[in-house]
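Everything on this sheet refers to the single structure shown next.
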Amino acid sequence: MYREPIAEIAALFDVYQQGLAFHAICAMTRLEVPDRLADGPRDVPGVAAELGLDADAFRRLLRLLECHEIVGYDPGADEAWLTDRGELLCRDHPMSLRATFATLGVSDVAHRLVDTLRTGGPAAPAALGEGFWEYLAARPDRQAVFSEAMAEQARLLSLPCVPLLDWPAGGTVADVGGGSGVLLTAVLEAAPGVRGLLLDQPQVLPRARERLARHGLADRCDVLPHDLFDRAPAAEVYLLSRVLHDWDDASVARILSRLAEAAAPGARLRLFEDLLPEKGPLAPTQAWSDVVMMVLYDGARERTLGQYRALLEQAGWVLDGTVAGPPGMHVIEARRGGRPA
């Protein structure tokens, strides 16, 4: 006989309602509502008019967001303002998560998860009409927000690892798939004797050049177009930050092999990735990220250290160890071994 599952019913309804709250936050961020409310209470009809929104629909969304402590709302004055939590969605906040919620991503494709479960392939083609990377490449405005989101996440996950690592006194550190240069900027500042090399798709390189110039590092870093599956230029240290979990095993092995072809004996490789436990349950954030990879990209997944070891060895790298960063991040360290198989 079933017991009366009051607590379990409440928990399931909480999940049910949280899903809509997530979409509400994404919608308000894409519409740049937080920046409109950044300077204090604003009248709701005025903000709606500025943004071209229906005032009644906007008001109802704000009342949902108030329940999740994103905004405050005074129905008498018909005014809204940001909470401390909501301020994190403003563009100019020093710890902004604006792009993380505004970017194209899981909120746009997860409704086709059933397709992924039936086929094993990503949901993005069914949801977007084409693959995720192809969709972004054809829409520079979306690509720009995605790059900002990756920079925000690098700031939280990869940058705290930089002071935990030993950096060479000289030579070249190449950030492969380095995006807008957040990680490589931090490395160059931590290791003043090294030169940088940032490699990525042409459409993201202007943002990297801007960042490096803003930090006074333009003369110490070359920024070059590069495809992950092409042979990379020579360097003493290679970085891949949250790149490999976007790809299937065969692609990861190919990416690592192409780096090994260019690397001299003793060259170092540092992979910034989360590591799933070899046994036992996943942390909720790990399980979430693994399913996100599954629905966005073909064959993408989070991996265990054993899985990374096998891929590294297949490509000609020798695993040396790992350094734990903040929750959700490890640095996997390897060195150039024999020729790839």
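The values are calculated or read from the model by the stated rules, or taken from the named source; none is laboratory data. Here the structure is a predicted model, which is why all the values come from computation and not from measurement. With ideal geometry, Cβ positions are generated from the backbone for all residues, glycine too; neighbour counts draw on all protein chains shown. These accessible areas exclude ligands, DNA and RNA; they are computed on the full protein's heavy atoms, side chains included. Shrake-Rupley method; radii C 1.70, N 1.55, O 1.52, S 1.80 Å.
Among residues of the stretch 43-66 that are within 16 Å of Leu82 (Cα to Cα), those with a Cβ under 7 angstrom from a residue that is exposed (fewer than 13 other Cβ atoms within 10 Å of the Cβ), sequence gap 6+ or separate chain, pair up as Ala48/Asp54. Residues that are open to solvent by 20 Å² or more (accessible area, probe 1.4 Å), free of Cβ contacts under 8 Å to residues at least 60 places away in the same chain and hydroxyl-bearing (Ser, Thr, Tyr) do occur in the stretch 133-142, at least one of them. Every listed requirement among (1) touching a residue at least 40 places away in the same chain (Cβ under 8 Å); (2) aliphatic (A, V, I, L, M); (3) under 25 Å from Arg139 (Cα atoms) is met by Leu198 save one, (1). Pairing residues of the stretch 78-94 that are open to solvent by 60 Å² or more (accessible area, probe 1.4 Å) with residues that are among the charged types (D, E, K, R) and at pLDDT 95 or above, at Cβ distances under 8 Å and at least 6 apart in sequence or on separate chains, gives Glu79/Arg42; Glu79/Asp43; Trp81/Arg42; Arg85/Glu69; Arg91/Glu32; Arg91/Asp35; Arg91/Arg98; Asp92/Asp35. Within the set Ala110, Ala154, Ala126, the sole residue that is open to solvent by less than 60 Å² (accessible area, probe 1.4 Å), closer than 14 Å to Arg207 by Cβ and in a helix (DSSP H, G or I) turns out to be Ala154.
Per-residue answers, yes or no, for (1) of a type in the set (A, V, I, L, M, F, W, C); (2) within 24 Å of Gly179 (Cα to Cα); (3) open to solvent by 50 Å² or more (accessible area, probe 1.4 Å):
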{"position": "Leu244", "(1), (2), (3)": "yes, yes, no"}
{"position": "Leu256", "(1), (2), (3)": "yes, yes, no"}
{"position": "Arg268", "(1), (2), (3)": "no, yes, yes"}
{"position": "Phe272", "(1), (2), (3)": "yes, yes, no"}
{"position": "Thr285", "(1), (2), (3)": "no, yes, yes"}
{"position": "Ser289", "(1), (2), (3)": "no, yes, no"}
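Would you check which residues across the stretch 269-323 are under 20 Å from Pro160 (Cα atoms) and part of a strand (DSSP E or B) and list them? Listed by number, the residues that qualify are Leu269, Arg270, Leu271, Phe272, Glu273, Leu275, Leu276, Gly321, Thr322, Val323.
Thr304 meets the conditions (1) surrounded by fewer than 19 Cβ atoms within 10 Å (Cβ to Cβ); (2) touching a residue at least 60 places away in the same chain (Cβ under 8 Å); (3) among the β-branched types (Val, Ile, Thr) in every case but one. The failed one is (2).
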